[in-house]
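So the structure is just underneath, and the comments pick up after that.
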Amino acid sequence: DAGITQSPRYKITETGRQVTLMCHQTWSHSYMFWYRQDLGHGLRLIYYSAAADITDKGEVPDGYVVSRSKTENFPLTLESATRSQTSVYFCASTDLWETEAFFGQGTRLTVV
Amino acid sequence: GEDVEQSLFLSVREGDSSVINCTYTDSSSTYLYWYKQEPGAGLQLLTYIFSNMDMKQDQRLTVLLNKKDKHLSLRIADTQTGDSAIYFCAESSRGGGNKLTFGTGTQLKVEL
């Protein structure tokens, strides 16, 4: 099915563990983004990517690592999870005309 | 940096009009958006307006933009219980693939 999918939908991990959130889009969109959603903050940009092998920091990048070896995938890794990274994470993509961003369903991550 | 603000909560009766307000600070904003988020779901684009427009109407939705005051509003006519959700305004500047800066979100509750 065409679209943007995130996995897993729910994840519980322990402090200090590494965890990777996956994002896959089938449109061959150039740009992909990771946001986190927290109460009182709306959504904040963590990292984004303009194309394969091109990534850049957003507003809140600390503690996160991204890669983009293929256009369709944009995984987000928490190298050593902290409780402050408990959040809902959304992946998004846009086409070259940049008019509309398409969002995945989100991953709810809890760090205990 | 850019800042986008919204009131946190709005309650209306079914059949009434809802007006959700948003203020932003970035004068270089190119597009302004309204997204809807239902419980447990991702973000759905409702409508957007280009910064050189004052108004856009799309069925029950009317967007008003006051660029001088950096104020954006979303009016939902004949509000229904299915409109209950969180509504986010967001702004982006041209280039950068549509990086979005979101407001904190307004929880709309529609009562019978």
Take B:THR47 and decide whether it is touching a Lys or Arg at 6+ places or on another chain (Cβ under 7 Å), within 13 Å of chain A (Cβ to nearest Cβ) and either among the polar types (S, T, N, Q) or assigned to a strand (DSSP E or B) (or both).
yes
Filtering region A:46-56 for residues that are surrounded by fewer than 19 Cβ atoms within 10 Å (Cβ to Cβ), assigned to a strand (DSSP E or B) and either hydrophobic (A, V, I, L, M, F, W, C) or in contact with a His (Cβ under 9 Å, 6 or more places away or on another chain) (or both) leaves a count of 3
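Condition first: among the hydroxyl-bearing types (Ser, Thr, Tyr), closer than 27 Å to A:ASP95 by Cβ and open to solvent by 20 Å² or more (accessible area, probe 1.4 Å). Can you find one or more residues in region B:45-59 that meet it?
Scanning region B:45-59, I find at least one residue that is among the hydroxyl-bearing types (Ser, Thr, Tyr), closer than 27 Å to A:ASP95 by Cβ and open to solvent by 20 Å² or more (accessible area, probe 1.4 Å), so the answer is yes.
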Being away from every other protein chain (no Cβ under 14 Å) and part of a loop (DSSP other than H, G, I, E, B) is the filter here; which residues of region B:70-112 pass it?
B:LYS70, B:ALA77, B:ASP78, B:THR79, B:GLN80, B:SER84, B:LEU112
Of all the residues that make up region B:1-38, how many are over 18 Å from B:ILE49 (Cβ atoms) and part of a loop (DSSP other than H, G, I, E, B)?
9
Which numbered condition B:ARG75 misses (of (1) in contact (Cβ under 8 Å) with a residue 40 or more places away in the chain; (2) open to solvent by less than 60 Å² (accessible area, probe 1.4 Å))
(2)
Please determine whether any residue of region A:30-45 is more than 9 Å from chain B (Cβ to nearest Cβ) and either touching a His at 6+ places or on another chain (Cβ under 6 Å) or part of a loop (DSSP other than H, G, I, E, B) (or both).
no
Index of the failed condition, B:GLU5 passing every other in (1) open to solvent by 70 Å² or more (accessible area, probe 1.4 Å); (2) out of contact with any Asp or Glu (no Cβ under 8 Å at 6 or more places or on another chain); (3) within 26 Å of B:SER93 (Cβ to Cβ); (4) away from chain A (no Cβ under 14 Å)
(4)
Looking only at region A:1-45, and only at residues there that are among the aliphatic types (A, V, I, L, M) and touching a residue at least 40 places away in the same chain (Cβ under 8 Å), the one that is surrounded by the fewest Cβ atoms within 10 Å (Cβ to Cβ)
A:ILE12
I'd like the residue in region B:5-58 that is under 15 Å from B:PHE102 (Cβ atoms) and of a type in the set (Val, Ile, Thr) and, out of all such residues, is modelled with the highest pLDDT.
B:ILE20
Could you list, ordered by first residue, the pairs with Cβ atoms under 6 Å in which the first is in region B:37-49 and within 18 Å of A:THR5 (Cα to Cα) and of a type in the set (A, V, I, L, M) and the second is open to solvent by 30 Å² or more (accessible area, probe 1.4 Å) and in a loop (DSSP other than H, G, I, E, B), at least 6 apart or interchain?
B:LEU45/A:GLU100
Strands (runs of 3 or more DSSP E) within region A:57-112 that include 2 or more residues within 12 Å of chain B (Cβ to nearest Cβ) and not polar (S, T, N, Q)
A:87-94, A:101-103
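The values are calculated or read from the model by the stated rules, or taken from the named source; none is laboratory data. The shown structure was predicted, so the numbers you read here are calculated from the model rather than taken from an experiment. Cβ coordinates were reconstructed from backbone atoms using ideal geometry, including for glycine residues, and neighbour counts include every protein chain displayed. SASA here: full protein model, heavy atoms, side chains in, ligands and nucleic acids out. Shrake-Rupley method; radii C 1.70, N 1.55, O 1.52, S 1.80 Å.
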